[in-house]
Amino acid sequence: MKYVALNDLHASLGAKMIEFAGYNMPVLYNNLIQEHLCVRNGVGVFDVSHMGEFMLKGEKALDLIQLVTSNDASKLTDGKVQYSCLPNDKGGIVDDLLVYRYSATEYYLVVNASNIEKDWNWISSHNTFGVEMVNMSDDMSLLAVQGPKAILALQKLTGVDLSAMEYYTFTMGTLAEIEGVIISNTGYTGAGGFELYVHNNHARKLWDAVFEAGAEFGIQPVGLGARDTLRLEKGFCLYGNDINDETSPIEAGLGWITKFTKPFNNHEYHKALKENGVSKKLVGFEMIDRGIPRQHYAIKDAAGNVIGEVTSGTQSPSLNKGIGMGYVTIANSKVDTEIFIDIRDKAIKAKVVKIPFM
């Protein structure tokens, strides 16, 4: 079991701690619905320091990134961030990740906690370019300050003009009197906000300053439970649920991060899927009848035939209805198609809808 720098603080706040991706993490502090709505309507803070961070440096850093990622990183300029994935050799995905460009020879990759070692080994195995790679995962803390009022709280703490930062951009500046904070206009909630990267020894100072600045806006600590419901309402994929080693980004609706303007690992396979069509597709659905869909529940048609499987599902706190995502056959993937979720051996009616849900 690994521990983030603020582990003891979370425990002192009464957080329910669980093992997640090998880390002891806060899943809930008080009430999931309350935490969820706090982020949607105000501002909340997630400690997501379990995420992995790699620095890639060298004249050929971009060449390595272009080979191992599906998106076209040559489009990045200094201070820009790109969502991408690491295709494997089997037609699936090693992981999804963020690519930060510091300069033409220096990039920062942010990967999922559960895949840190896997991703490191995968990228290293393709590093025939002499790129210097540094695994910073154990040294960094990451606070995600999310919600429409996040900018009001954080602006008190920095001279950086946060309102001038576009979505998926970042800068390095002083925040809460801590120098060298990576301030990133990114997040996994769809509610707006910033992600703040600092070295572990500054994590507590940053936490305390953010909560003092956000007090007037009702700021709350938020656990991974609400992080999951928030991302699902926006239709964001979760690795291990909606994408994995067996799913193509084309099947997952991630064609927009799969660019065939340059070669990448196994790009011919994914290009053929795009050109010839796929047999299954990741769709969003909402429950018509009462019921909460969960991962691995079967999806059926009206005749009772299994046509797919739920990959993510929950009772949406914002919409007050069951929602989910899952892979279904192409014939059943059109919006408004009636489907049935197998919940406790009962076929509960649902329909395919556009993602995001809100």
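Side notes on the structure shown:
- Distance between the modelled labels on Asp245 and Met55, one decimal in nanometres: 3.1 nm (7 Å Cα→Cβ projection).
- For Lys205, a cut-off of 16 angstrom between C-alpha atoms picks up these lysines, skipping any fewer than 8 places away in its own chain: Lys156.
- Its Cα centre serving as origin, the stretch 1-275 has a Cβ charge dipole (Lys and Arg +1, Asp and Glu -1) of approximately 420 debye.
- Packing, taken as the mean count of other beta carbons within 10 Å per residue, orders the peptides 49-58, 92-101, 119-128, 269-278 from highest to lowest as 92-101, 49-58, 119-128, 269-278.
- Among Phe264, Phe194, the ranking by other beta carbons within 10 Å of each residue's beta carbon, starting with the fewest, stands as Phe264, Phe194.
- Excluding same-chain neighbours fewer than eight residues apart, the aspartates and glutamates reachable from Lys2 by a Cα-Cα span under 13 Å are Glu19, Asp138, Asp139.
- Within straight-line cross-link reach of Lys281, aspartates and glutamates at Cα separation under 17 Å, skipping those fewer than 8 residues along the same chain: Asp242, Asp245, Glu246, Glu251, Asp301, Glu309, Asp336, Glu338
- Charges were assigned to the Cβ only: +1 to each Lys and Arg, -1 to each Asp and Glu. The resulting dipole of the stretch 279-353 about its Cα centre is roughly 80 debye.
- Percent of C-alpha pairs per 20 Å bin in the chain, short distances first: 29, 58, 13, 0.
Read-outs: derived from the displayed coordinates by stated rules, not from any lab. The structure displayed is predicted, hence computed values, not measured ones. Don't worry about glycine lacking a Cβ; one is built from the backbone with ideal geometry, like all the others, and counts go over all protein chains shown.
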